[in-house]
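Structure record follows, encoded as structure tokens.
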């Protein structure tokens, strides 16, 4: 599973920036965005064979669409990695949010440090008490079911 399994996706910004893409280019670009989100540093290797596989197109098709799709990406020539500006900023925000949630949970369970999470109660208050069983003459002793008229008549004759 990815370190950050949920990626925020700003549809309005995406559509505004990608109106010129073909359907196939949209698919390739989105697959690359998703893969970059899942990577440990939010980048992709500068390897055309791998990028073609990730985009689910042939190497020849990738060579044709690469200039259009990779125009949204920036190549770090020293590291030989492609990065995308929005992925980078959204990953940083998500990592900060995840760290805050982790710290809050740790403070709740360990009672250490500051946090705004309250410890959960271990039992209900007030504790529910069982209801007393009523002893009724209309109930048979064995099953606590109501006595039938025949049982009532038999008891009268039995007591006599």
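A few remarks follow.
- Between segment 51-96 and segment 1-20, the Cα center-to-center distance that results, in Å: 13 Å
- Highest average first, the peptides 146-155, 19-28 ordered by how many other beta carbon atoms sit within 10 Å of their residues are 19-28, 146-155.
- Taking every alpha-carbon pair under 8 Å whose residues sit at least 6 apart, segment 1-63 reaches a relative contact order of 31 percent.
Just so you know, all these numbers are worked out from the coordinates, no wet-lab data involved. Given the structure is predicted, the values throughout are model-derived calculations rather than measurements. Every residue, glycine as well, gets a Cβ built from its backbone with ideal geometry; the counts of neighbours run over all protein chains shown.
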